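Remarks on the structure that follows.
The values are calculated or read from the model by the stated rules, or taken from the named source; none is laboratory data. Note that the structure is predicted; figures quoted are calculated from it, not measured. Every residue, glycine among them, receives a Cβ derived from its backbone with ideal geometry; neighbour counts consider all protein chains shown.
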Amino acid sequence: MEQNSASVVSVVVVNWNRRELLRPCLESLARQRGVVCEAILVDNGSADGSAEMAEREFAGTGRLRLRVIRNRENRGFCAANNQGIAAAAGAYVALLNNDAEADPDWLASLAAAFQARDVGMAASKILVYEDPRRIDKAGHLIYPDGQNRGRGSGEADRGQYDQVEEVLWPDGCAAMYLRAMLERIGGFDEDFFAYADDAELGLRARAAGWRCVYVPSAVVRHHRGASLGVGSLRRLMLIERNRVLLAAKLFPWSLLLLNPFYSAARVMAGVWAALHGRGETRHFAGPEGKLRMAAGLLWGGLAALPLVPKMLAKRRHIRRIRKLTPAELRRLILDHRISLRALMEQSV
């Protein structure tokens, strides 16, 4: 890579009250090799001393080129990432969750993926921190109603995802984006707040003609569900709400009109999964837990309704940047479709 901004990789880390997880995350960035790493910590009003710890132990110590941006309140994953992206100096902008730790060659491996002109995103091989023999995510798949899941999530790592290949989009836990692409298509949609935000950005980038490359040598270990907790109703609400918003904003009409049918099939499969204690339902034990889960899904659907007109209006902007035809976008989604069975076996 050339010197100056082209030699710098900016890494944005968003944090909210996760001091003890944040420390090893930043330690892993301090150990990066092969690139100049600029870390931007955006703290969303933490009350646990996270920002102070980062400034004391990393900023100005020579261990890591770190800048800390402090928000007074929790502005959400999307707004905070946009702040970090705006402050970034690098030609490449990476995201790393505060509950994740990167291998020393993570950034260099991802940066090497941007050889072709139409590559705008690079995806990491994300492993489960508590059991690194298992895959957390190796890129993403999507169900035709807008629900998305990590490719290979929960599978034993047997080398089945050890080849460089194209995937739909990267998981926002550990991703890299071409800054020029972000300047062209825009950053995260702040109406999403958190969850499915990386799906929206990734699918918007694909619609605009950019590709995503999965890099198996870019390894990250991730504590699953540390942000809101796997049993959180708010987490479930945001996932369901943002599924609807994603489809309303980006899906071609030929697929969007079928959304209620695909969604009904997913709900029926979810009932089967609940009866057998599979997938997401495992986090909501017993009849009371299943009712809480149903309430969270209903809450998400209702919360989406006031925002659907806004998402439909945003389709006009998508038309201005779109390179794929509606038929090509539909084919892309269906080519990277997760089966209903796999969707029910997995949990986020």
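Tell me whether segment 279-296 contains one or more residues that are at pLDDT below 95, under 26 Å from MET181 (Cα atoms) and surrounded by 12 or more Cβ atoms within 10 Å (Cβ to Cβ). Within segment 279-296, not a single residue is at pLDDT below 95, under 26 Å from MET181 (Cα atoms) and surrounded by 12 or more Cβ atoms within 10 Å (Cβ to Cβ). Out of curiosity, is ALA47 at pLDDT 95 or above and more than 23 Å from CYS78 (Cα to Cα)? The answer is no for ALA47.
Can you confirm whether VAL68 is within 17 Å of the chain's Cα centre (by Cα), of a type in the set (A, V, I, L, M) and modelled with pLDDT of 95 or more? Quick ask: steps written out before the conclusion?
On the way: within 17 Å of the chain's Cα centre (by Cα): no; of a type in the set (A, V, I, L, M): yes; modelled with pLDDT of 95 or more: yes.
No.
Among residues of segment 30-44 being touching an Asp or Glu at 6+ places or on another chain (Cβ under 9 Å) and more than 17 Å from ARG72 (Cα to Cα), the one that is surrounded by the most Cβ atoms within 10 Å (Cβ to Cβ) is GLN32. When the residues of segment 42-56 are filtered to those that are in contact with a Lys or Arg (Cβ under 7 Å, 6 or more places away or on another chain) and of a type outside the set (Ser, Thr, Tyr), the one that is farthest from VAL8 (Cα to Cα) is ASP48. Considering segment 156-223, the qualifying strands (runs of 3 or more DSSP E), each wholly inside and each with 3 or more residues that are crowded, with 19+ Cβ neighbours inside 10 Å and either at pLDDT 95 or above or touching a Leu at 6+ places or on another chain (Cβ under 7 Å) (or both), run over 174-178, 211-222.
Each row is one residue, and each column tells you yes or no for (1) in contact with a His (Cβ under 7 Å, 6 or more places away or on another chain); (2) at pLDDT 95 or above; (3) closer than 16 Å to ASP103 by Cα; (4) in the same structural domain as GLN83 (by TED's automatic domain parsing).
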residue	(1), (2), (3), (4)
MET1	no, no, no, yes
SER7	no, no, no, yes
ASN17	no, yes, no, yes
GLU20	no, yes, no, yes
GLU27	no, yes, yes, yes
GLN32	no, yes, yes, yes
CYS37	no, yes, yes, yes
VAL42	no, yes, no, yes
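Of all the residues in segment 299-317, those that are at pLDDT below 95 and closer than 25 Å to ILE185 by Cβ number 2.
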